[in-house]
Amino acid sequence: MLQTHADSRVLGYLGRALSFELSAVQLYTTQARLLGIWGLVEESARLREEAREELTHAERIIARMLALSVAPNASQLRPVKLGESLHDLLAYDVEFELELVHLYNQAVEHCSRVGDQDNRVFFESLLNEEKAHARELTEWLSKIGQAGASGGSANAS
């Protein structure tokens, strides 16, 4: 690889973002399988789609790292958290997404401070998508909560 002139903190944000996004792929894929086992077919399909969206984010981060002449390296995947109901899974997913939003907020703020407009725009794009994703999951969680235990239990049909 060529020598990079990118800010070391930007590279750190990219590495952490890649770890988060790949962790999200693992999380949503695992949860989709679990929902399938529980017979929640539509919910399973929705989380499979979430996994595909997160994989797209990971691919964009990898492309960005390569454009900055840095070899992508996700440092650590986060452990998958499961639960006993759809409500449990979604509650964890919202928490996870909010951590990712926080990371992207920090990256945008840093890029703004150092005048790195290209990376600021890159991180803002991911931030806006993850904010929307967190909102969608929060709304889904709210609907599950309103439906009561029968709408969110593992035994729901």
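Derivation of every value follows stated rules applied to the coordinates shown; laboratory data play no part. Just so you know, these numbers come straight off a predicted model, no measurement behind them. So basically every Cβ, Gly included, is an ideal-geometry build from the backbone, and we count neighbours across all protein chains shown.
About its Cα centre, how strong a charge dipole does region 25-157 have in debye, to the nearest 20, once Lys and Arg get +1 and Asp and Glu get -1 at the Cβ?
With Lys and Arg at +1 and Asp and Glu at -1, about 180 debye.
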Checklist entry - Per-residue HN-Hα couplings for region 78-86, Karplus 6.51 cos²θ - 1.76 cosθ + 1.60 at θ = phi - 60°, whole Hz, x for Gly and Pro? => result 7, x, 6, 9, 10, x, 9, 8, 4
Checklist entry - Using 0.36 nm per residue, how much length does the chain from ARG9 to THR30 gain when fully extended, once their Cα-Cα distance is taken away? => result 4.4 nm
Item to check | Percent RCO, i.e. relative contact order, over the chain, from Cα pairs under 8 Å lying at least 6 residues apart | outcome: 28 percent
Next on the checklist: Net charge around LEU89, counting only other residues with Cβ within less than 12 Å of its Cβ (Lys, Arg = +1; Asp, Glu = -1)?
Outcome noted: -3
Checklist outcome for this item: For the pair VAL114 and GLU49, the simple spin-label estimate (label points 7 Å beyond Cα toward Cβ) gives in nm 3.7 nm
